[in-house]
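Read through the structure below, which is laid out as structure tokens, and then see the notes.
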Amino acid sequence: MKRPATSGKTPSSKTPPIVVALGVVSLLTDMSSEMIYPLLPAFLTQVLGASIAALGLIEGIAESTSALLKVASGSFADRMPRRKPLVLLGYGIASIVRPLVAFAQSWPFVLLIRFTDRVGKGIRSAPRDALLADATDPRNRGAAYGLHRALDHTGAVIGPLSASCCLLVLGLEYRQIFLVAAAPAFFAMLVLIFFVRETKRPATQLAAGPGLNWRTLRQDWRILPRELKTLFVAIFFFTLGNSSDAFLILRLNDAGVSPAASAMAWAALHVVKVGATWAGGRLSDQVGAARMLIWGWLWYAVIFTAYGLAKDPGTIISLFLLYGIHFGFAEPSERAIVAAMAPVELRGTAFGLFYFITGLAALPASLLFGWLFQVFGVAVAFSVGGALALTACLVVWISLIENKKKRIET
């Protein structure tokens, strides 16, 4: 990865206020979402009488919609003098429609809500990450993305715990909890409106041509650096081996871990993610985001493979928690590399493609893992995931590190 030249001064450790504000927005939004999402399968099947197939259809359509829209919104944001309006629109749509699931009388209505919710996520994600890059010193981008991801994961911890408290302590029903989830979403919008302040970008930093146009997207793709395109290939390979976390929980259950203990382990995993992403982001600024990414994917490969081979429930739980560390190595580093490599006028497009590729690989990843699990067994399924992660490491090493060494030597 090409790192900016420095004057020998240590980069400022002060975090821009916009990074903190956007992190708080993500925390509150994730808290709202995670108060609903863990209860949704039971609500659909037990209250609305939906089938498992309907549940799969709802989630498949929702995630596919989000992945496709992220490319379009990123491209459109590159052509706007301010990215905040798209971020505000995306968060606003999700905040308004998500609690409406409380009024659902049939599963197609839930499908409509989830679809609209993911539309909001698809609109906001790429412009938000580009906005973070615009506002952050290049030498501190890893720390900025690490803090943002840590706060996001914090919301994923608080949300399910809040939902459990509403169920077990307050005795609320599903529909009542869904309405309560509107409160953190409301405060997220207040923070976004009043505390996220963006400087208007000059015309020289705006992408050329109309947005939301297939020909424009192809033109933008040609402009992106070859190293960034190679990174996208590596991310595709890694995501192809990174199946749904539902299989990790299934592995816990198959090993004899009770559902209650599995839920506690799931909450603990998010706590690990919080600490790992915060520390990992800061460390990536010191050692280099490309190397940090390779370490994260190597860690994933080792832990994921061992997870499929382990037999003892205690060992499996320990590996489950250690698995969360790779998020700290990889998540901030991926975003820091994309921000550094993309031309300033195409940062939104680059982040949109980043999210699209991860979304594109997610579906075949789970299908592949499920097939391997069923036909060849748990050890083979997890080992193949580890092997794909090693392949991604090799691609990053050759393209971003070894090639850089050769260019320096010549």
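The values are calculated or read from the model by the stated rules, or taken from the named source; none is laboratory data. Since the model is a prediction, treat every value here as computed from it, not as a measurement. Every residue, glycine among them, receives a Cβ derived from its backbone with ideal geometry; neighbour counts consider all protein chains shown.
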Only one of (1) aliphatic (A, V, I, L, M); (2) in contact with an Asp or Glu (Cβ under 9 Å, 6 or more places away or on another chain); (3) at pLDDT below 80 fails for Leu269. Which number is that?
(3)
Could you tell me how many of the residues in the range 261-294 are under 18 Å from Ile337 (Cβ atoms), in a helix (DSSP H, G or I) and not aliphatic (A, V, I, L, M)?
8
Being assigned to a helix (DSSP H, G or I), without any contact (Cβ under 8 Å) to a residue 60 or more places away in the chain, on the phi < 0 side of the Ramachandran plot and of a type outside the set (Phe, Trp, Tyr): is that true of Arg222 here?
yes
If Gly314 meets every condition in (1) in a helix (DSSP H, G or I); (2) crowded, with 16+ Cβ neighbours inside 10 Å apart from one, which number is that one?
(2)
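Can you pull out every residue in the range 238-260 that is outside any loop (DSSP other than H, G, I, E, B) and either not charged (D, E, K, R) or not assigned by TED's automatic domain parsing to the domain that holds Asp312 (or both)?
Initial filter on the range 238-260 (outside any loop (DSSP other than H, G, I, E, B)): 238-240, 245-254, 259-260.
Matches in the range 238-260: Phe238, Thr239, Leu240, Ala246, Phe247, Leu248, Ile249, Leu250, Leu252, Asn253, Pro259, Ala260.
Kindly establish whether Ile158 is under 30 Å from Met292 (Cβ atoms) and of a type outside the set (Phe, Trp, Tyr).
Details: under 30 Å from Met292 (Cβ atoms): yes; of a type outside the set (Phe, Trp, Tyr): yes.
So Ile158 passes the test.
With respect to Ala208, determine if the residue is assigned by TED's automatic domain parsing to the domain that holds Ser33 and either of a type in the set (Val, Ile, Thr) or more than 16 Å from the chain's Cα centre (by Cα) (or both). Steps first, please.
Details: assigned by TED's automatic domain parsing to the domain that holds Ser33: no; either of a type in the set (Val, Ile, Thr) or more than 16 Å from the chain's Cα centre (by Cα) (or both): yes.
No, not satisfied.
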Scanning the range 15-25 for residues that are in contact with a Lys or Arg (Cβ under 8 Å, 6 or more places away or on another chain) and crowded, with 20+ Cβ neighbours inside 10 Å gives Ile18, Leu22
Provide a single number: the residues in the range 26-52 that are surrounded by 15 or more Cβ atoms within 10 Å (Cβ to Cβ), of a type in the set (Gly, Ala, Ser) and not in a helix (DSSP H, G or I).
1
For the range 1-57, give me each residue that is among the hydrophobic types (A, V, I, L, M, F, W, C), at pLDDT below 75 and under 29 Å from Ala130 (Cα atoms).
Met1, Ala5
Quick one: would you say Thr358 is outside the structural domain of Ser75 (by TED's automatic domain parsing), assigned to a helix (DSSP H, G or I) and without any contact (Cβ under 8 Å) to a residue 60 or more places away in the chain?
no
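Yes or no, residue by residue, for (1) within 21 Å of Arg335 (Cα to Cα); (2) surrounded by fewer than 18 Cβ atoms within 10 Å (Cβ to Cβ):
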site	(1), (2)
Asn140	yes, no
Arg149	yes, no
His153	yes, no
Ser162	no, no
Val169	no, yes
Glu173	no, yes
Phe194	no, yes
Gln205	yes, yes
Output for Cβ contacts, cut-off 7 Å, separation at least six or different chains, first residue among the aromatic types (Phe, Trp, Tyr) in the range 115-137, second surrounded by fewer than 23 Cβ atoms within 10 Å (Cβ to Cβ), reads Phe115/Ile61; Phe115/Ala62; Phe115/Thr65
Residue satisfying condition, being outside any helix (DSSP H, G or I) and either modelled with pLDDT of 90 or more or not assigned by TED's automatic domain parsing to the domain that holds Ser32 (or both), within set Leu172, Leu89
Leu172
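Find the residue count for the range 327-358, including only residues that are of a type outside the set (A, V, I, L, M, F, W, C) and surrounded by fewer than 21 Cβ atoms within 10 Å (Cβ to Cβ). Steps first, please.
Let us first name the residues in the range 327-358 that are of a type outside the set (A, V, I, L, M, F, W, C), namely 328, 331-335, 343, 345, 347-349, 352, 355, 358.
From what is left, the residues that are surrounded by fewer than 21 Cβ atoms within 10 Å (Cβ to Cβ) are 343, 345, 358.
Going through the range 327-358 one residue at a time, the tally reaches 3.
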